[in-house]
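So the structure is just underneath, and the comments pick up after that.
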Amino acid sequence: MKTIPALILLALMLAAGITGESGGAPHPREVVQASEILAKIGRGEPVSYDNLIVEGDLNLSEIGLDAVSELMPGLGTGLATGTGSEIDYPKLPEGAKLIASPISITNSEIRGNVYFENITFHNSVNFAGTNIAGNASFAEAKFENHVAFLYTMFGGDASFKAARFNSSAYFSGDQFRGRADFEGAQFGSLAGFSYTKFGDDADFKGAKFRDEACFGGALFSDDADFGGTEFDGYAYFGRVQFSGRSHLGEARFTDIANFYNAHLGDRT
């Protein structure tokens, strides 16, 4: 039976420090203003924080990111601000916005909203173990590198509507307390949602999974809409629990779909 590569998942968990092992008394959390993080992104600097409190909204629209135009190096090879090295940018449509910096905010608490909409992330994005108290929107974002939302808690609504994941995307162990919107999202590589808890509606309508998709042990407390969802790779729904309507009738599976010991609730 195919499974999510355990070594890759373990490596991401170790990197984020969320293995669950206690290392003595917890250190006091540093408080950082959201404006400081936004300023780093605006300067093209890597963002790397662990075990801190972020006060305020992380709203990328506040820093006025430059849009790609025909006169900018975003359509070919160029020097990425803050990296000191030459990189190949993805080909972007005119008007798109690009962040070359890696972003990592792990084991932390964001006391506000997160708005990273319609952004192309050239490097990795890591929010593993972080509690986002407000709403979070990555709608229409494009992730060129791997994404780690392992054991992330979304306190409000979370939108990844029409987002594109070109590399591995991990949402395993997450808690979505509000609505989780993945309508029209595209997963080009492995997608992990194992043991994720969806407390409100979960919308995967029209999403496309081109590689393995793992929902093993996930809990859907309300309606889950998979109408028109395409699974081109192996789909694992073992031990998944649908407490509401599962809307799986119109999903398309072109490879093996495993529903071992799944509780499918009211199917439509």
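Going down the table (K97/K208; K40/K208; K40/K97), which pairs top 27 Å between alpha carbons?
K40/K208
Please label the shape of the range 151-228 as rounded, prolate or oblate, based on the square roots a ≥ b ≥ c of the eigenvalues of the alpha-carbon gyration tensor (a/c under 1.5 means rounded; beyond that, a/b larger than b/c means prolate, else oblate).
prolate
Can you work out ³J(HN,Hα) from phi for every residue in the range 145-154, in order, using Karplus 6.51 cos²θ - 1.76 cosθ + 1.60 and θ = phi - 60°, giving whole Hz and x for Gly and Pro?
Going residue by residue, I get 10, 6, 10, 10, 10, 5, 6, 8, 10, 9 Hz, with x marking Gly and Pro.
So how much slack lies between V31 and A257, counting 0.36 nm per residue of separation and subtracting their Cα-Cα distance, in nm?
So the extension gain works out to 76.8 nm.
In whole Å, what is the distance between the alpha-carbon centres of the range 110-189 and the range 209-225?
15
Quick one: if the Förster radius is 51 Å, what FRET efficiency do S48 and E230 give, using the C-beta to C-beta distance and rounding to 0.05?
Once the sixth-power term is evaluated, E becomes 0.90.
Per-residue HN-Hα couplings for the range 99-108, Karplus 6.51 cos²θ - 1.76 cosθ + 1.60 at θ = phi - 60°, whole Hz, x for Gly and Pro?
Calculated HN-Hα couplings, in order: 10, 8, 6, x, 10, 9, 10, 10, 6, 10 Hz.
Check which residues have an amide H placed less than 5 Å from T120's amide H, if you skip close sequence neighbours.
Amide H neighbours of T120, under 5 Å, 5+ apart: K97, L98, I99, K142.
Across the range 188-198, in residue order, what do the Karplus-derived ³J(HN,Hα) couplings come to in whole Hz, using 6.51 cos²θ - 1.76 cosθ + 1.60 with θ = phi - 60° and x for Gly and Pro?
So the Karplus estimates, Gly and Pro as x, are x, 10, 4, 10, x, 10, 5, 6, 7, 10, 9 Hz.
FYI, it's all coordinate maths here, none of it is from the lab. These figures come from a predicted structure and were not determined experimentally. Using ideal geometry, Cβ is built from the backbone for each residue, glycine included, and neighbour counts are taken over all protein chains shown.
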